[in-house]
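See structure below.
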Amino acid sequence: MDIIFILVGMNVSLIFLFDKSILDSKEWFLKLIILNIMLFLIASISLLIGLGQNTVINALFVPLLAQIVYYVLSKLFYLKYERKSVDTYWTIERSLFIDGWFNCIFWIVSILLFLLIL
């Protein structure tokens, strides 16, 4: 069961890795934020009533925090460079250096969130 909690808890990071455009789409962003709020509430209620204390149910707190971090970093990037960042995982172009730093910062923050929660 722990592996399921970890995979569900990494939903924002996995979406960021494979199709970042989903996180930039308003429609998918809203659907994902609703799902992540529900996961956050499930984790909160489970811990409050004492269920899942020996599991990694804490991983269900991470998606909401990671999505908020992505939103803030994305808005800061847009304010500074007046464009959306480009996915640089599958490409190696020198012109996308700044975008690569944005992606690197998000990965570091999302990994740190996951490690701090667990």
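The values are calculated or read from the model by the stated rules, or taken from the named source; none is laboratory data. Treat the numbers as computed from the prediction; the structure is a model and nothing was measured. Positions of Cβ are generated from backbone atoms using ideal geometry, with glycine treated the same way; all protein chains shown enter the neighbour counts. Side chains included, ligands, DNA and RNA excluded: accessible areas come from the protein's heavy atoms. Shrake-Rupley method; radii C 1.70, N 1.55, O 1.52, S 1.80 Å.
Residues in the range 40-52 that are in contact with a helix residue (DSSP H, G or I) (Cβ under 7 Å, 6 or more places away or on another chain) and either under 17 Å from Trp107 (Cα atoms) or open to solvent by 80 Å² or more (accessible area, probe 1.4 Å) (or both): Ile42 alone. Going through the range 53-69 one residue at a time, which ones are crowded, with 22+ Cβ neighbours inside 10 Å and either within 24 Å of Ile98 (Cβ to Cβ) or touching a Cys at 6+ places or on another chain (Cβ under 9 Å) (or both)? Residues satisfying the conditions are Ala66, Gln67. A count restricted to the range 1-35 and to residues that are outside any helix (DSSP H, G or I) and buried (at least 18 other Cβ atoms within 10 Å of the Cβ) stands at 2. Restricting attention to the range 65-81, the residues being in contact (Cβ under 8 Å) with a residue 24 or more places away in the chain and within 12 Å of Ser110 (Cβ to Cβ) number 6.
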